[in-house]
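This report concerns only the one structure given below.
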Amino acid sequence: MSISRLAYASAATKPFTANELRDLLLKARTNNSNLGITGLLLYHKRSFFQILEGAEEDVTPLFGVIGRDPRHERVVLLSKTVEEERSFGAWSMGFVDVDQAAIKLPGFMRLLDAKASFLDLRGDSRLLARLIDGFQEGRWRQGVEQ
């Protein structure tokens, strides 16, 4: 069975507090578990970066819902691929608040030094691939809240 992997970035319409991020994460994990979707969510400087993995018929409609969520604006599809297996299969939604956890992610902030937000990944396929690979291969997994 092939897996659809979608990566997007968006801007938060307002800054998220730690409690608001936790609430968002709890709801996402519940919904994703029910849909069989796994992935990763990063928050940095009022921007989100998310990877969604699952069946195409689940991932695409979920991305549509996210695009209509009033907490987001400038939702940008960064990549959509078909993979043989999941990269984040153990995570209903792994999460990192990059602003809070950056010290735990060696090399991660250097990766983003030139970028003001995740929205700046648009058009930079090399940096996007490095970001995904960093979590996929485990270099930055110690900073992920599961």
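Specify which of the listed residues (LEU25, LEU52) is open to solvent by less than 20 Å² (accessible area, probe 1.4 Å), farther than 19 Å from ILE132 by Cα and touching a strand residue (DSSP E or B) at 6+ places or on another chain (Cβ under 6 Å). Break it down stepwise before answering.
Working: LEU52 fails: farther than 19 Å from ILE132 by Cα.
Exactly one of LEU25, LEU52 is open to solvent by less than 20 Å² (accessible area, probe 1.4 Å), farther than 19 Å from ILE132 by Cα and touching a strand residue (DSSP E or B) at 6+ places or on another chain (Cβ under 6 Å), namely LEU25.
Filter segment 35-49 for residues that are at pLDDT 90 or above and surrounded by fewer than 22 Cβ atoms within 10 Å (Cβ to Cβ) and give the result. First the steps, then the outcome.
Looking only at segment 35-49, we keep the residues that are at pLDDT 90 or above, and these are 35-37.
Within segment 35-49, LEU35, GLY36 meet the criteria.
The values are calculated or read from the model by the stated rules, or taken from the named source; none is laboratory data. Because the structure is predicted, anything quoted here is derived from the model rather than measured. Every residue, glycine among them, receives a Cβ derived from its backbone with ideal geometry; neighbour counts consider all protein chains shown. The protein model used for the area step is the full one, side chains on, heavy atoms only, and it has no ligands, DNA or RNA in it. Shrake-Rupley method; radii C 1.70, N 1.55, O 1.52, S 1.80 Å.
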